[in-house]
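**Q** Just dropping this structure here.
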Amino acid sequence: MANGNGPWGGGNGPEDDRPKGKRDEPRGPQSQIPEIDEVLRKGQEKLRVIMGGGGGGNGGRPGQGGGVPAITPMGAALGAVGALLLYGYMCAYTVRPDEQGVELFLGKATEVTGPGLNFVAWPLGTAEVVSTTQQRTTDIGMGVQGQDDNGLMLTGDQNVVDIEFQVVWTISDPTKYLFKLDDPEGTLRAAAESAVRDIVARSLLAPILGEDIGVVESSLKEEVQATLDSYESGIAVERIVLRKPDVPESVRPAVQAVQSAQQERDRLQKVADADANKVLAAARGQAAQAEQDAQAYAATVINQAEGEASRFNAVYAEYAKAPEVTRQRMYLETMESVLGGAQKVILEGGQALPLLPLDGVLSQKGVQQ
């Protein structure tokens, strides 16, 4: 029995047993395949339009109307421009006004660039951008890095002091900062700790606790900067802020007792100095008076000697003129000076007189004179 679904009939499968009104509706999963093919075909056509190829065609197979999409000159130019823009984007970098850039070629620093848009030959070249005006801070002292005794230091007079300070620094040379040291901030911390311990070890406790904080800050900045320069760190120390030093709580009573004793010693020393100055001033006055008296006596003796010498020279001049007269006069003056005070009576001619009470007469004569 022949029908339309047989090998030689017009059909291609078993007869659809659905009602005639339902036979045009989709049946099962196989009915979705034409729709998927349509979507793929439309996507291929859109791709060919974008790439500059012509639309149409049914398969996209070589030799059947679709073929491989042809690239037009306009498409090639657009692709080259896109590739060039992408490469320029990879090569470009921006440096802000407060930054500096360090260009590297095969890992070696070649140039330091300033603010603005800069380019580097990527991928062989790269760039590192760092801020050179930003002020960075490093805290050193009690409680830093989890160390409770990080700020305890020994002074020159064997006292313990707790010092906390802050180092404010900037990057002066970005190339040295990036490549000379493995840990620049760690090196800065170690240099600052070493310098402050050296300064404190050479100082006494009282000046550190007193008004010498500015001196310590200045010395500390100079030593830290010298150490960093020797390492070629590329770091510039702007300033060091030293907080008020203090002694640990455990030794504070002993330190206060020592300070009280030192103050009492200073007071007694000042009192002793005042007494010494008073005695010394009196002794210096007496010495000056004695020196002046000696100078006056020396001047008197010298003047007298010079007067005697002048008188002798005058007498000698007269003696040279009349030796006998001058000799007689000198003899009489000498005898007068020698015998003038003697209680004796000398009579001319050697005659002796009876004993008379001449002593009383002479005494009365002397009183009347």
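Nothing in this text is a laboratory measurement; each read-out follows from the coordinates by a stated rule. Here the structure is a predicted model, which means the values were calculated and not measured. Here Cβ is always computed from backbone atoms with ideal geometry, including for glycine, and neighbour counts include all displayed protein chains.
**Q** Which value, in Å to one decimal place, does the Kirkwood hydrodynamic radius take for the stretch 255-318 when every pair of different Cα atoms is included?
**A** Values: mean 1/r = 0.0604 Å⁻¹.
By the Kirkwood definition, the hydrodynamic radius is 16.5 Å.
**Q** By what distance, in whole Å, do the Cα atoms of the stretch 75-131 stretch along each of the three principal axes, largest value first?
**A** Over the stretch 75-131, Cα extents along the principal axes are 43, 25, 11 Å.
**Q** Hey, another quick one. List the pair-distance distribution P(r) of the stretch 136-247, using every Cα-Cα distance, as the percent of pairs falling in each 5 Å bin from 0 up to the bin containing the longest distance, rounded to whole percents.
**A** Pairs per bin, as whole percents: 2, 12, 24, 24, 17, 11, 6, 3, 1.
**Q** Just name one of Ala283, Ser230, Val200: the one whose Cα is farthest towards the positive end of the charge dipole of the stretch 180-339 (beta-carbon charges, Lys/Arg +1, Asp/Glu -1).
**A** So the residue furthest toward the plus end is Ala283.
**Q** What is the packing order of peptides 114-120, 74-80, 232-238, 157-163, taking the mean over residues of other C-beta atoms within 10 Å and listing the highest first? Display every interim value, and only then the final one.
**A** Working: 114-120: 13.3, 74-80: 11.3, 232-238: 19.7, 157-163: 16.7.
Those peptides, ordered most packed to least, come out 232-238, 157-163, 114-120, 74-80.
**Q** Something else: I need to check one value: relative contact order of the stretch 172-285, counting alpha carbon pairs closer than 8 Å and at least 6 residues apart, in percent. Kindly include the intermediate steps, with their values, before the conclusion.
**A** On the way: 61 pairs, mean separation 34.5, N = 114.
With pairs under 8 Å counted, the relative contact order is 30 percent.
**Q** If you don't mind, another one. What's the local net charge at Thr94, with K and R +1, D and E -1, over the other residues with C-beta under 14 Å away?
**A** Values: positive: Arg96; negative: Asp98, Glu99, Glu103, Glu128.
With Lys, Arg at +1 and Asp, Glu at -1, the neighbours total -3.
**Q** I've got another one for you. In the stretch 173-246, which trypsin sites (Lys or Arg not before Pro) are in a loop and have at most 12 other Cβ atoms within 10 Å, using DSSP for the loop call?
**A** Details: sites: Lys176, Lys180, Arg189, Arg197, Arg202, Lys221, Arg239, Arg243; in loops: Lys180, Arg202, Arg243.
Those that pass, being in a loop and sparsely packed, are Arg202.
**Q** For the stretch 182-196 and the stretch 245-267, what is the separation of their Cα centres, given in Å?
**A** 32
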